[in-house]
1. For the range 100-111: of the residues being in a loop (DSSP other than H, G, I, E, B) and in contact (Cβ under 8 Å) with a residue 24 or more places away in the chain, which is surrounded by the fewest Cβ atoms within 10 Å (Cβ to Cβ)?
2. From GLN83, GLN156, grab the single residue that is at positive phi and assigned to a helix (DSSP H, G or I).
3. If you check every pair at least six apart or on different chains, which have Cβ atoms under 6 Å apart with a residue in the range 124-137 that is open to solvent by 40 Å² or more (accessible area, probe 1.4 Å) first and a residue that is assigned to a loop (DSSP other than H, G, I, E, B) second?
4. I'd like the full set of residues that are assigned to a loop (DSSP other than H, G, I, E, B) and under 17 Å from the mean Cα position of the chain (by Cα), limited to the range 112-141.
5. Name the one entry in ILE91, ILE70, ILE149, ILE117 that is without any contact (Cβ under 8 Å) to a residue 40 or more places away in the chain, of a type in the set (A, V, I, L, M, F, W, C) and open to solvent by less than 30 Å² (accessible area, probe 1.4 Å).
6. For the range 41-85, enumerate the residues that are at pLDDT below 90 and of a type in the set (Ser, Thr, Tyr).
Amino acid sequence: ELSTMNITTDQVESIANKAGKLFIYAATVVWYVTGGGSFGKKRLNEIVSKDYTPEDTKETESLDKLYNDILANVLSQTNLRAQECELWLKILYTSLFVGMRVSCSMLSELLGIDLEIVEGTISSLQSVLYIDKRDQAIYTFHASFLDYISSQIRAQKFHCDIAEHHTYLTNVCLDLMD
């Protein structure tokens, strides 16, 4: 996947060192960089230049930092206002914690949000989420992203309080049935 980017041996070694024993770190870097279009090379250079490694941190810190960088980067590129950012996070959280795999159209109907906005949000997260071609449902590439986003300590400002979000979804469902 990275072959079209003229990645150097030093860059590959840097990614491998940062990944340590976490294959998902390396895989997420590839999805993030190759999905960046014209930003791919910039993203690669940013990741390679970061000076965190699994050897000198707790086991998940490098992966948490990567997830945080991805989410922060997506939000900064979209120039969302505060209310739009909240909507973006509701789409993300609902896709992860609704209790079953759902499609963009199901999310759109459930949340009462234009399908185009839901698809754009999920598409912007293509380095951590994907839409399965067979059932059109949204999946995470790895369970570590769910662990990250549901942990206040790990995800910090991107944390999803699952109980609070389930309360929100309960109210949404009750409103739909009303």
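1. Step one: of the range 100-111, the residues in a loop (DSSP other than H, G, I, E, B) are 100-102.
Remaining after also requiring in contact (Cβ under 8 Å) with a residue 24 or more places away in the chain: 101-102.
Numbers: ARG101: 14, VAL102: 19.
Checked the range 100-111; the qualifying residue surrounded by the fewest Cβ atoms within 10 Å (Cβ to Cβ) is ARG101.
2. GLN156
3. Every condition considered, the pairs that remain are GLN126/GLY35.
4. Our first condition is that a residue be assigned to a loop (DSSP other than H, G, I, E, B); within the range 112-141, this holds for 112-114, 125-128, 132-136, 141.
Matches in the range 112-141: LEU125, GLN126, SER127, VAL128, ASP132, PHE141.
5. Working: ILE70 fails: without any contact (Cβ under 8 Å) to a residue 40 or more places away in the chain; ILE149 fails: without any contact (Cβ under 8 Å) to a residue 40 or more places away in the chain; ILE117 fails: open to solvent by less than 30 Å² (accessible area, probe 1.4 Å).
Testing whether each residue is without any contact (Cβ under 8 Å) to a residue 40 or more places away in the chain, of a type in the set (A, V, I, L, M, F, W, C) and open to solvent by less than 30 Å² (accessible area, probe 1.4 Å) leaves just ILE91.
6. If the condition is that a residue be at pLDDT below 90 and of a type in the set (Ser, Thr, Tyr), then SER49, TYR52, THR53, THR57, THR60, SER62, SER76, THR78 are the ones that fit.
The values are calculated or read from the model by the stated rules, or taken from the named source; none is laboratory data. Predicted model, so just to flag it, every value in this text is computed and none were measured. Every residue, glycine among them, receives a Cβ derived from its backbone with ideal geometry; neighbour counts consider all protein chains shown. Only protein heavy atoms, including side chains, enter the accessible area calculation; ligands, DNA and RNA are left aside. Shrake-Rupley method; radii C 1.70, N 1.55, O 1.52, S 1.80 Å.
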